[in-house]
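This report concerns only the one structure given below.
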Amino acid sequence: MLARGAHHKLSPGKTGAHKLIFHIDMDAFFASVEVMCRPKLKGKPVIVSGKPAARSVVAAASYAAREYGIRSGMSTVEAFRRCPHVIAVSGSPGQYIYVSLELLRIYKEHSTIVEPYSIDEAFVDMTGTECTWENCKDVAGEIKAKIRKRFGPNLTASIGIGPNKLIAKMCGSMDKPDGVTVIRPGEFGGVFNGLAVSRMWGIGAKTEIALNLMGVATIGDLANFPVAMLRRRFGITGEVLHLMACGQDDTPVTPYFEGMPVKSMGHEHTLPEDTWDIMEAEKVLLRLCDQVARRMRKKQYLGNVISMRLRFADFDSISRQRKIKYYTDEERTLYKVARGLLHQYWRPGQAIRLVGVNCTGLIKVREWHQVDLFMQREEDAYRKLLSAIDAIRDKFGEHAITRARLITHDASGDIDDVPLPPGLSSSPFDMLRYQDADDHIHTGGK
Ligand SMILES: [Mg+2]
């Protein structure tokens, strides 16, 4: 293992002659996580798909399933047609998020500049760290060894190493699964010029057809094609296409997993008058949960520790928290937990002066959209409702829509009946252990 010099670690990303970028992409990620949790599935054709239904699609296929021609995006029906004994499992987003965050933690041991690109892919800027062009294959091997040590042999990564994100991303897929590919500065053309333009990162079917019609078949053709003509056909994108075909890309690796710059999101409210009425406290709590959840959605955070704070008339305050087994940004979940804590810890007969709610254990959600594949229909409808409400409030102000509960005092409504998504705990194995538990909430330590 390489020693990490402190001064090296302080300045990753500093520009030298060339950058040194890793693209780390997990192999058949969802399927591999399922196999990791259920080793009996090892070596078998496994697909991860949404709710078994006529219209569900394959979200991930194990390599054994790929031998039957099964690919992600294919309908589940077609997958079964190609391989009648394929094993279909429904996804466990909580586990994927958990593993994904753990992987980022491993990468961050090598550089502070880590950019999660999707749930199973990340860019790591190794420039200025102890990793160099000479030892980069060893560093890649070290990262793979750490992943193996942490998650066992079923979870493998393919690593592409290049002088920019474009090249790292493009060479990462050349040796899958479990490969390492290095393309040094100046080597791009030799490797890629002869390949079809469709192999270039970001070129979709439409652009491919348009380029083919212009007589551009390979990446080399594109690199040598007059830029003025590309600009005429594609606008500013034409210039980008030209640069990409030459292997040029100066977009920085943008870290946003910086040990969570935002540690918590919360609101508290001092009541206009002290109250003995728990219904009054609930009303305030619901409004606070509403505000906190909305702010989380706006800033794109999910959290899994919810705390409730009370200050009594004698200024004695308490704060109690509970960890939930999945991540949320929804007020119904914040409220369900906070209200439970309120009922557990209020002191009947003692007036309440202040109520607060806070959510911690935050993760940034920008790139976790793939998880949506597994959300149930009702969940989708609920999310649509939430974003519609957020949009109206953005336009017309905070009070444009007031939840009925804030007006009616009725605290016994249907929040407790809302089905909660599958759990997330401190380890994927815990999650399996807990998956049948009726009670989705367990008390977290302070
Ligand atoms: Mg992958």
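List of remarks:
- Within region 112-138, the set of residues being part of a loop (DSSP other than H, G, I, E, B), of a type in the set (A, V, I, L, M, F, W, C) and over 25 Å from residue 98 (Cβ atoms) comprises 126, 131, 133.
- Residue in region 115-134 that is farthest from residue 37 (Cα to Cα), counting only those that are within 16 Å of the ligand (Cβ to nearest atom) and β-branched (Val, Ile, Thr): 124
- For first residues located in region 192-207 and outside any helix (DSSP H, G or I), partners that are of a type outside the set (A, V, I, L, M) and lie 6+ apart or on another chain with Cβ distances below 7 Å form the pairs 193/218; 193/220; 194/218; 194/220; 195/218; 196/218; 201/169.
- Residue 141 away from the ligand (no atom under 16 Å from the Cβ) and part of a loop (DSSP other than H, G, I, E, B): no
- Boolean, residue 49 is crowded, with 19+ Cβ neighbours inside 10 Å, over 30 Å from residue 184 (Cα atoms) and more than 16 Å from the ligand (Cβ to nearest atom): yes
- Long-range neighbours under 6 Å by Cβ, at least six apart or interchain, first residue assigned by TED's automatic domain parsing to the domain that holds residue 48 within region 67-85, second among the polar types (S, T, N, Q) and part of a strand (DSSP E or B): 76/49
- Filtering region 73-111 to residues that are acidic (Asp, Glu) and either assigned to a helix (DSSP H, G or I) or closer than 15 Å to residue 45 by Cα (or both) leaves 78, 102.
- Criterion (farther than 25 Å from residue 248 by Cβ and modelled with pLDDT of 90 or more) met by exactly one of 135, 212, 193: 135
- For region 144-167, residues that are over 18 Å from residue 28 (Cα atoms) and within 14 Å of the ligand (Cβ to nearest atom) total 0.
- Any hit, region 146-166, residues being part of a helix (DSSP H, G or I), under 30 Å from residue 241 (Cβ atoms), touching a strand residue (DSSP E or B) at 6+ places or on another chain (Cβ under 8 Å) and of a type outside the set (D, E, K, R): no
- Some residue of region 272-283 being assigned to a strand (DSSP E or B), buried (at least 16 other Cβ atoms within 10 Å of the Cβ), at pLDDT 90 or above and out of contact with any Phe, Trp or Tyr (no Cβ under 9 Å at 6 or more places or on another chain): yes
- Failed criterion for residue 24 (all others in (1) more than 16 Å from the ligand (Cβ to nearest atom); (2) under 23 Å from residue 180 (Cβ atoms); (3) modelled with pLDDT of 90 or more hold): (1)
The values are calculated or read from the model by the stated rules, or taken from the named source; none is laboratory data. Every value quoted in this text rests on a predicted model; they were computed, and no experiment measured them. With ideal geometry, Cβ positions are generated from the backbone for all residues, glycine too; neighbour counts draw on all protein chains shown.
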